[in-house]
1. Going residue by residue through the stretch 196-215, is there one that turns out to be touching a residue at least 40 places away in the same chain (Cβ under 8 Å), under 23 Å from residue 309 (Cα atoms) and either in the same structural domain as residue 301 (by TED's automatic domain parsing) or over 19 Å from the mean Cα position of the chain (by Cα) (or both)?
2. Where in the stretch 56-130 are there helices (runs of 4 or more DSSP H), lying fully within it, with 1 or more residues that are hydrophobic (A, V, I, L, M, F, W, C), out of contact with any Ser or Thr (no Cβ under 9 Å at 6 or more places or on another chain) and farther than 27 Å from residue 140 by Cα?
3. Under 6 Å by Cβ, and 6 or more places apart or on different chains, what pairs join a residue from the stretch 85-110 that is in contact (Cβ under 8 Å) with a residue 60 or more places away in the chain and surrounded by fewer than 17 Cβ atoms within 10 Å (Cβ to Cβ) with one that is among the polar types (S, T, N, Q) and part of a loop (DSSP other than H, G, I, E, B)?
4. Looking at the stretch 331-353, can you tell me whether even one residue there is on the phi < 0 side of the Ramachandran plot, among the charged types (D, E, K, R) and in contact with a Pro (Cβ under 6 Å, 6 or more places away or on another chain)?
5. Give me the pairs, please: first residue somewhere in the stretch 218-243 and modelled with pLDDT under 95, second residue anywhere and among the hydrophobic types (A, V, I, L, M, F, W, C), beta-carbon distance under 7 Å, and either six or more positions apart or on two chains.
6. Do any residues in the stretch 345-362 that are among the acidic types (Asp, Glu) have Cβ atoms under 9 Å from those of residues that are surrounded by fewer than 19 Cβ atoms within 10 Å (Cβ to Cβ), where the two are at least six apart or on different chains, and which pairs are they?
7. Give the number of residues within the stretch 8-36 that are more than 20 Å from residue 86 (Cβ to Cβ) and within 20 Å of the chain's Cα centre (by Cα).
8. For the stretch 336-374, which positions are within 26 Å of residue 309 (Cα to Cα) and among the charged types (D, E, K, R)?
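The values are calculated or read from the model by the stated rules, or taken from the named source; none is laboratory data. In this text, all values refer to a predicted model and were calculated from it rather than measured experimentally. Here Cβ is always computed from backbone atoms with ideal geometry, including for glycine, and neighbour counts include all displayed protein chains.
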Amino acid sequence: MPCAQGSCLLDAPSARLAAVRLLDAVLARRQRADVGLARLPAPTRALAHEIVYGVLRRYFSLEVDVSRFLREKPEPVVRALLLAGAYQLRYMRMPAYAVVHAMVDVCKAVQPRAKGLVNAVLRRVAESEPPARLKPYQRAELPRWLYAAWRDQFGAEQVRNCARWLREKPLLSVAVPDGRENWMRSAERAGFACERGALSPLAVTLAGGTAVESLPGYTRGEFLVMDQAAQLAVLQLPVRAHDRVLDLCAAPGGKSALLARLYPQAEVLAVDRDARRLPRLRDNLRRMRATNVRLVHADARALPLPDAAVNTILLDAPCTASGILRRHPDAKFLHDAGDVRRHAVRQRAMMQEAWRVLRPGGFVLYAVCSIHRAENEDVIAGQGEVVRMRRLLPARDHDGFFFALLRKPA
């Protein structure tokens, strides 16, 4: 039956097929999952998102689960199909016969020769208990290199605590710049269960998967989506009336909008090097009614500003996203130890450029959603006075995050 826009809504089999192809793209070709998911129609996207992100969050135990019934390593797309089937059997409470039948049908579209293999392996998975013997990195659902790095940095017990939350679906966290209590009452009257955030006086948390556009005040800019660990970081920045605040790597614009709303007499310069992201940044600022923000298309490593030009800088630097793996579980497969080092080099270059344009006595807030020491303390080493520094490890109601407020000597 044609839909209102003349195209047919894809059904569950098509969603499963899309999920398998996206998993293959992530695992075999290191492509981002969110880009492919965004191209799917909404009804298809919901199921595909559940399968893709579920597999990526639980990949290492699922890999053990299916591998014990394989005599040899399957080709990548078949492996993706088996993992998708195993996730549905273990975590989606679907009848085993329905999952096996559906995934065999998907197999006909991606690799018909493997139908018998898929049928046999998924039936064995359905008839068995999950594997009890897992190596520590498999139980933590982390790549071996990442588990080892965190174990050495935080200790095995802390890694287990982090891993517990990184396996789960995240809550939705929003920042309400004005009148959090009134907004919560409006949300509750509209049927949304919400809690006050413990880290930020602006934060409200809601169930994961909540449709943001359906929350009260969305079109009026009464809130913006931002994890409360990131909110806490932004609130550390000492902004005075009429300050010029530089927000580096600003897209998609949440932190610029929050700064603009909190400090309406300041001027915020939102800087980003990717011209493709500027329209979304502009739209987000417009929705949030952030009228005191000016967009600047520039690289944070080569700013079009003279020395000592600004009082206050927020550098939310690109990173390996290790603190937000539950929101972006594909990051486990897109980055490796070499990427941590490469990001750290770029982060230090951005810090040096921020230091150049900062006035004596001014402040830089360095922030990343990674918890690797190489992207945290090592980046800011030797850069002025550390006024405040904190690393938050992933927990139930917030992501992993690092920030440091630095002051340039007068």
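1. no
2. Details: elements: 59-67, 76-91, 96-110, 115-127.
Hits in the stretch 56-130: 96-110, 115-127.
3. Within 6 Å, no pair qualifies.
4. First, pick out the residues of the stretch 331-353 that are on the phi < 0 side of the Ramachandran plot: 331-353.
After this cut, where a residue has to be among the charged types (D, E, K, R) as well, the list is 332, 336, 339, 341-342, 346, 348, 353.
From the residues that got through so far, the ones that are in contact with a Pro (Cβ under 6 Å, 6 or more places away or on another chain) too are 332.
Scanning the stretch 331-353, I find at least one residue that is on the phi < 0 side of the Ramachandran plot, among the charged types (D, E, K, R) and in contact with a Pro (Cβ under 6 Å, 6 or more places away or on another chain), so the answer is yes.
5. Pairs found: 241/266; 242/266; 243/266.
6. 353/299; 353/301; 353/302
7. Matching residues across the stretch 8-36 total 7.
8. Answer for the stretch 336-374, where residues must be within 26 Å of residue 309 (Cα to Cα) and among the charged types (D, E, K, R): 346, 348, 353, 356, 359.
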